[in-house]
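Visitor: Just passing along the structure, written as structure tokens.
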Amino acid sequence: MLPVLAARAAAVVMVGIAAFQVALVFGAPWSAYTQGGETEGALDTSGRVFAAVSCAILLVMAAAILARVREGPLKNAPGRLVTALAWFTTIYSALAVVLNLATQSSSERAVFGPTAIVLFVLVVTTMVGSRRTR
């Protein structure tokens with residue numbers, strides 16, 4: 001049961017971050033909290049494209065971590081695909097911890113450092129407590 005709860009919580013966190021990325025794409029003035037916080041206000045065009053790509057990746061990762069516990073839109077996907085996407089999610093989550101704690105942006109570090117740590121713990125809990133084969 002713990003892996004299922006962890007997967008659901010991880011998916012909620014990822015969808016929340018994806019919503020943040022969508023807001024950035026549409027011009028929300030929160031650039032201090034993303035992409036190193038190098039700009040003030042809204043992101044420029046390339047930053048918005050990056051945010052859109054990040055949003056898509058986050059949604060695929062949310063579906064993958066749910067599929068790992070046989071839930072969500074990818075629950076019937078081939079086991080090897082789910083496993084590959086879930087491991088990608090794990091690696092991406094670990095990298096997010098490092099990048100969000102190392103950023104020069106104090107705002108990004110304060111908000112997304114802890115968020116990345118929580119997400120990583122949830123993803124690892126899901127991965128350790130579940131095994132997806134088919």
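The values are calculated or read from the model by the stated rules, or taken from the named source; none is laboratory data. Being a predicted model, the structure only gives us computed values, none of them experimental. No Cβ is skipped: glycine too gets one built from the backbone with ideal geometry, and neighbour counts run over all protein chains shown. In case anyone asks, the SASA skips ligands and DNA or RNA and just uses the protein heavy atoms, side chains included. Shrake-Rupley method; radii C 1.70, N 1.55, O 1.52, S 1.80 Å.
Visitor: From the set of residues in the range 84-99 that are within 16 Å of Val60 (Cα to Cα) and open to solvent by 40 Å² or more (accessible area, probe 1.4 Å), which is farthest from the chain's Cα centre (by Cα)?
Guide: Going through the qualifying residues, I end up with Ala84.
Visitor: Okay, moving on. I'd like the residue in the range 68-109 that is polar (S, T, N, Q) and outside any helix (DSSP H, G or I) and, out of all such residues, is modelled with the highest pLDDT.
Guide: Taking the range 68-109 and keeping what is polar (S, T, N, Q), we get 76, 83, 89-90, 93, 100, 103-107.
Subset that is outside any helix (DSSP H, G or I): 76, 103-105.
Values: Asn76: 96, Thr103: 93, Gln104: 91, Ser105: 91.
This residue is Asn76.
Visitor: I'd like to know if the range 39-58 contains one or more residues that are within 23 Å of Ile117 (Cα to Cα), of a type in the set (Asp, Glu) and open to solvent by 20 Å² or more (accessible area, probe 1.4 Å).
Guide: Step one: list which residues in the range 39-58 are within 23 Å of Ile117 (Cα to Cα), which gives 50-58.
Next, only the ones that are of a type in the set (Asp, Glu) stay: none.
No, the range 39-58 has no match at all.
Visitor: In this structure, is Val121 assigned to a loop (DSSP other than H, G, I, E, B), among the aliphatic types (A, V, I, L, M) and within 15 Å of Val12 (Cα to Cα)?
Guide: Numbers: assigned to a loop (DSSP other than H, G, I, E, B): no; among the aliphatic types (A, V, I, L, M): yes; within 15 Å of Val12 (Cα to Cα): yes.
The answer is no for Val121.
Visitor: Collect the residues in the range 24-34 that are part of a helix (DSSP H, G or I), closer than 23 Å to Val97 by Cβ and without any contact (Cβ under 8 Å) to a residue 60 or more places away in the chain, keeping them in residue-number order.
Guide: To start, the set of residues in the range 24-34 that are part of a helix (DSSP H, G or I) comprises 24-25, 31-33.
Imposing the further condition that a residue be closer than 23 Å to Val97 by Cβ reduces the set to 24, 31-33.
Passing the criteria: Leu24, Ser31.
Visitor: Regarding the range 7-18, can at least one residue be identified that is in a helix (DSSP H, G or I), in contact (Cβ under 8 Å) with a residue 60 or more places away in the chain, open to solvent by 70 Å² or more (accessible area, probe 1.4 Å) and farther than 20 Å from Gly113 by Cβ? Break it down into steps so the answer makes sense when it comes.
Guide: Going residue by residue through the range 7-18, those that are in a helix (DSSP H, G or I) are 7-18.
Right, trim to in contact (Cβ under 8 Å) with a residue 60 or more places away in the chain and you get 7-11, 13-14, 17.
Narrowing further to those that are open to solvent by 70 Å² or more (accessible area, probe 1.4 Å): 8.
Those left that are additionally farther than 20 Å from Gly113 by Cβ: 8.
Yes; the residues of the range 7-18 include at least one that is in a helix (DSSP H, G or I), in contact (Cβ under 8 Å) with a residue 60 or more places away in the chain, open to solvent by 70 Å² or more (accessible area, probe 1.4 Å) and farther than 20 Å from Gly113 by Cβ.
Visitor: Oh, and also: Quick test for you: out of Ala18, Ala52, Ala6, Ala56, pick the one residue that is out of contact with any Lys or Arg (no Cβ under 7 Å at 6 or more places or on another chain) and either closer than 18 Å to Thr125 by Cβ or β-branched (Val, Ile, Thr) (or both).
Guide: Details: Ala18 fails: either closer than 18 Å to Thr125 by Cβ or β-branched (Val, Ile, Thr) (or both); Ala52 fails: either closer than 18 Å to Thr125 by Cβ or β-branched (Val, Ile, Thr) (or both); Ala56 fails: either closer than 18 Å to Thr125 by Cβ or β-branched (Val, Ile, Thr) (or both).
Answer to the selection: Ala6.
Visitor: For the range 64-76, what are the residues that are buried (at least 17 other Cβ atoms within 10 Å of the Cβ) and either free of Cβ contacts under 8 Å to residues at least 12 places away in the same chain or of a type in the set (Lys, Arg) (or both)? First the steps, then the outcome.
Guide: Residues of the range 64-76 buried (at least 17 other Cβ atoms within 10 Å of the Cβ): 64-69, 72, 74.
Those that are buried (at least 17 other Cβ atoms within 10 Å of the Cβ) and either free of Cβ contacts under 8 Å to residues at least 12 places away in the same chain or of a type in the set (Lys, Arg) (or both): Arg68, Leu74.
Visitor: Scan the range 78-105 for residues that are in contact with a Leu (Cβ under 8 Å, 6 or more places away or on another chain) and more than 28 Å from Glu38 (Cβ to Cβ) and jot them down.
Guide: Within the range 78-105, Leu81, Val82, Leu85 meet the criteria.
Visitor: In the range 100-115, what residues are under 26 Å from Ala7 (Cβ atoms) and exposed (fewer than 15 other Cβ atoms within 10 Å of the Cβ)?
Guide: Leu101, Pro114
Visitor: Shifting gears a bit: Considering only the range 22-38, how many residues are touching a Cys at 6+ places or on another chain (Cβ under 7 Å) and either within 17 Å of Gly113 (Cβ to Cβ) or of a type in the set (Phe, Trp, Tyr) (or both)?
Guide: 0
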